[in-house]
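Here the structure comes first, spelled out in C-alpha cells, and everything after it is commentary.
What follows is calculated from the coordinates using simple rules that are stated; it is not laboratory data. Everything quoted here is computed from the prediction, not taken from an experiment. Every residue, glycine among them, receives a Cβ derived from its backbone with ideal geometry; neighbour counts consider all protein chains shown.
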Amino acid sequence: MNVLKQRIWVRRDEVIDAVEISDRSRLRFYSYTYRIQSRKGQWNTAIRWDNYEQNPHVDKYEAATGVLLEQKTCREINLMEVIRLVTSFRRNLLVMDVFEL
C-alpha cells in the first residue's frame, strides 16, 4: 500500500491538499481539498473531491466558516483535473455548479 500526501500552492492564501492511497497500480482512495486562508490565518475547506467508500462525490463548504453546504455524487476525477479547475476558475468555484464539471 502506498500513501501519497501533497500540498499544492495555488496562491499565497489558497492550497490544494491531496491524499492518494494506492495498492499496486490501482488507486483505492483519493481526497483533493481546496482550502482558502481566512483573514484570521486559519485554513477553511472550500471544496473537497473524494471517493470515500468507492463513491466519488464533491463536498461544497461555506468558505468563510468551513460548514458543509451540500454533497453530491460526481464522476471520478484526478489530481491534474482538480489543479486545472482550481487554477482556471479559482474563487468562482464557490458559486459554480462544480458537480457537473
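Entry note, region 2-100: relative contact order of 17 percent, from Cα contacts under 8 Å with a spacing of 6+ residues.
Per-residue ellipticity at 222 nm, computed for the chain from helices alone with -39500 (n - 2.57) per DSSP H run of at least four residues, works out to -3500 deg cm²/dmol. Across region 71-78, computed HN-Hα scalar couplings (Karplus, 6.51 cos²θ - 1.76 cosθ + 1.60, θ = phi - 60°) run 9, 9, 6, 8, 7, 4, 9, 10 Hz from first to last residue, x flagging Gly and Pro.
Database remark: amide H of Val10 closer than 5 angstrom to the amide H of Val15, Ile16 (H placed geometrically; neighbours at sequence offset of 5 or more, or on other chains; Pro and chain starts carry no H).
Helix 79-89 and the longest principal axis of the Cα set of the chain meet at an angle near 20°.
Once the chain from Glu76 to Arg7 is taken as fully extended at 0.36 nm per residue, the excess over their C-alpha distance is 22.8 nm. Listed by chain and number, the lysines whose alpha-carbon sits under 21 Å from that of Lys72, ignoring those within fewer than 8 places in the same chain, are Lys60. Cβ crowding within 10 Å, taken as a proxy for footprinting-reagent exposure, orders Trp43, Trp9, Trp49 from fewest neighbours to most as Trp9, Trp43, Trp49.
Overall, region 2-100 carries a charge dipole of about 420 debye about its Cα centre when +1 sits on the Cβ of Lys and Arg and -1 on the Cβ of Asp and Glu, all other atoms neutral.
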